[in-house]
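The values are calculated or read from the model by the stated rules, or taken from the named source; none is laboratory data. All values derive from a computational prediction rather than experimental measurement. When we count neighbours, we look across all protein chains shown, and the Cβ atoms used for this are built from the backbone with ideal geometry, even at glycine. We work out accessible area using only protein heavy atoms, side chains counted, and drop any ligands, DNA or RNA first. Shrake-Rupley method; radii C 1.70, N 1.55, O 1.52, S 1.80 Å.
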Amino acid sequence: MSKERIKIAEELYDIMPEEYQDLVKRATYGNETRGWKDIGIAKELIEEHSLCAGCPESMAFRYILASLPNPEDTVMVGSTGCTSLVFPHVAIHNIHSLFGNQNAIASGLKRALMVRFPDRHKDVVVLAGDGATVDIGLDMTLQAWFRQEKFTTICFDNELYANTGGQESGLMQKGFVAKMAPVGKSFEKVRLPEIARESGCHYIVQCTVSKPNLIEKIIKNAIYVAREIGPTYLQIYTPCILEIGKNSMEGLQEMRDSEKPSERFAFKEFVSEPAKELLAELAAKEKERKAEAKRQLAAQTV
Ligand SMILES: Cc1ncc(C[n+]2csc(CCOP(=O)(O)OP(=O)(O)O)c2C)c(N)n1
Ligand code: SF4
Ligand SMILES: [Mg+2]
């Protein structure tokens with residue numbers, strides 16, 4: 001992984017738009033330790049977006065992009081919904097699939113990439129809303145897991161269809177009343193993390209985006225496990241502040257309130273046995289890399 005593929009030819013440097021020069025200069029591509037702390041200095045991590053002001057989806061999007069271990073070689077597959085407003089601003093290869101089809105598209109894409117680039121890791125990451133993941137796309141979601149497709153599925157769970165004005169979704173809480181669901185949800189929130197486990201996912205996390213360190217860790221884990229072992233699933237609460245009547249400053253508190261131990265977004269993690277082994281190996285290598293970096297720094301300062 002390197003910046004080579006976005007490098008500007010020297011002869012063309014001065015005629016390239018300033019924006020592009022800046023992107024190349026500051027890109028985190030090629031940096032092994034890239035992570036959420038790069039937000040604010042790296043242009044490719046979304047400078048602008050067209051979501052509502054303060055929407056937690058924008059925060060989640062930034063953390064995810066900053067945490068991808070291999071951005072140059074990652075293809076994201078999106079679906080219709082509020083997230084699809086962000087993809088046009090993202091400096092990562094991405095495909096907009098038909099609403100609900102995202103895991104079917106990702107399956108074909110991942111298989112094709114494995115054939116076309118047998119010697120290189122090409123990561124595929126699905127990012128879709130709860131309506132796309134658990135309602136209209138549920139069949140495609142589950143079938144990809146049954147088949148053990150090697151990619152990560154991330155669901156931005158805002159517990160309703162936000163982009164079309166607030167219809168009920170399978171992940172909505174029981175009893176919740178939304179603008180386009182005035183009677184109130186009559187059944188419990190679907191337990192997709194449990195279904196994911198039964199369907200063969202090897203790494204599953206349910207959480208909010210209130211803690212960037214945590215998001216960075218679970219994104220990396222999910223991608224490494226998907227690469228080597230099989231499907232992984234992350235369900236992340238990104239409340240639709242517009243539909244739950246909060247203002248643009250209240251998204252973070254809403255997430256903190258909802259992740260308390262007794263609440264529906266309390267942190268939950270499942271790691272299969274093969275995934276545990278892989279993550280332990282990677283953690284040992286990372287420890288060694290850090291120790292080596294420390295040794296080199298100490299040698300330079302002597
Ligand atoms: C095949 C198809 N069916 C329905 C729609 C209409 N539609 C657009 S966005 C959306 C809801 C998206 O909800 P969700 O996946 O939860 O994402 P959110 O907007 O909440 O982030 C629907 C039903 C569509 N665009 N295409
Ligand atoms: S409608 Fe809701 S989910 Fe969509 S951008 Fe606005 S606040 Fe975010
Ligand atoms: Mg939704």
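Checking the structure you have, find out if any residue of segment 104-122 is within 16 Å of ligand 3 (Cβ to nearest atom) and open to solvent by 10 Å² or more (accessible area, probe 1.4 Å).
no
All but one of (1) within 12 Å of ligand 3 (Cβ to nearest atom); (2) closer than 25 Å to Gln102 by Cα hold for Ala178; state the number of the condition that does not hold.
It is condition (2) that Ala178 fails.
A quick yes/no check of all residues on (1) within 23 Å of Thr141 (Cα to Cα); (2) in contact (Cβ under 8 Å) with a residue 24 or more places away in the chain; (3) open to solvent by 10 Å² or more (accessible area, probe 1.4 Å):
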| residue | (1), (2), (3) |
| --- | --- |
| Thr33 | no, no, yes |
| Ile41 | no, no, yes |
| Ser50 | no, yes, yes |
| Met59 | no, yes, yes |
| Pro69 | no, yes, yes |
| Met76 | yes, yes, no |
| Gly81 | yes, yes, yes |
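For Ala128, which of the numbered conditions (1) modelled with pLDDT under 95; (2) buried (at least 22 other Cβ atoms within 10 Å of the Cβ) fails to hold?
Ala128 satisfies all of (1) modelled with pLDDT under 95; (2) buried (at least 22 other Cβ atoms within 10 Å of the Cβ) except (1).
Take Leu234 and tell me if it is within 16 Å of ligand 1 (Cβ to nearest atom), surrounded by 15 or more Cβ atoms within 10 Å (Cβ to Cβ) and among the aliphatic types (A, V, I, L, M).
When the stated conditions are applied, Leu234 passes them.
Are any of the residues in segment 79-87 at pLDDT below 95, more than 16 Å from ligand 3 (Cβ to nearest atom) and more than 18 Å from Ala222 (Cβ to Cβ)?
No, segment 79-87 contains no residue that is at pLDDT below 95, more than 16 Å from ligand 3 (Cβ to nearest atom) and more than 18 Å from Ala222 (Cβ to Cβ).
Pick out the one residue from Leu65, Leu23, Leu45 that is open to solvent by less than 70 Å² (accessible area, probe 1.4 Å), more than 16 Å from ligand 2 (Cβ to nearest atom) and in contact (Cβ under 8 Å) with a residue 60 or more places away in the chain.
Only one candidate passes the filter, namely Leu23.
Quick one: how many residues across segment 232-250 are in contact with a strand residue (DSSP E or B) (Cβ under 8 Å, 6 or more places away or on another chain) and more than 11 Å from ligand 2 (Cβ to nearest atom)?
6
For segment 197-302, list the strands (runs of 3 or more DSSP E) that sit wholly inside it and hold at least 1 residues that are within 16 Å of ligand 3 (Cβ to nearest atom) and either in contact (Cβ under 8 Å) with a residue 24 or more places away in the chain or not hydroxyl-bearing (Ser, Thr, Tyr) (or both); which are they?
203-208, 232-237
For segment 82-97, which positions are within 16 Å of ligand 2 (Cβ to nearest atom) and either part of a loop (DSSP other than H, G, I, E, B) or within 12 Å of Ala128 (Cα to Cα) (or both)?
Cys82, Thr83, Ser84, Leu85, Val86, Phe87, Val90
In this structure, does Gly166 turn out to be within 17 Å of the chain's Cα centre (by Cα) and within 16 Å of ligand 2 (Cβ to nearest atom)?
No: the conditions fail for Gly166.
Name the residue, out of Ser186, Ser169, Ser210, Ser199, that is of a type in the set (Ser, Thr, Tyr) and under 19 Å from Ser272 (Cα atoms).
Ser199
List the number of the failed condition for Ser272; all other conditions in (1) of a type in the set (S, T, N, Q); (2) open to solvent by 60 Å² or more (accessible area, probe 1.4 Å); (3) more than 30 Å from Val177 (Cβ to Cβ) hold.
The single condition Ser272 does not satisfy is (2).
Looking only at segment 176-192, which residues are open to solvent by 10 Å² or more (accessible area, probe 1.4 Å), more than 16 Å from ligand 2 (Cβ to nearest atom) and touching a residue at least 24 places away in the same chain (Cβ under 8 Å)?
Lys189, Val190
Can you confirm whether Ser2 is open to solvent by less than 60 Å² (accessible area, probe 1.4 Å), over 25 Å from Ile218 (Cβ atoms), modelled with pLDDT under 95 and hydroxyl-bearing (Ser, Thr, Tyr)?
It is true that Ser2 is open to solvent by less than 60 Å² (accessible area, probe 1.4 Å), over 25 Å from Ile218 (Cβ atoms), modelled with pLDDT under 95 and hydroxyl-bearing (Ser, Thr, Tyr).
Just the residues that are open to solvent by less than 10 Å² (accessible area, probe 1.4 Å) and out of contact with any Leu (no Cβ under 8 Å at 6 or more places or on another chain), please, taken from segment 207-222.
Of everything in segment 207-222, those that are open to solvent by less than 10 Å² (accessible area, probe 1.4 Å) and out of contact with any Leu (no Cβ under 8 Å at 6 or more places or on another chain) turn out to be Thr208, Val209, Ile215.
Looking only at segment 140-175, filter to residues that are in a strand (DSSP E or B) and open to solvent by 10 Å² or more (accessible area, probe 1.4 Å); which one of those is nearest to ligand 3 (Cβ to nearest atom)?
This residue is Tyr161.
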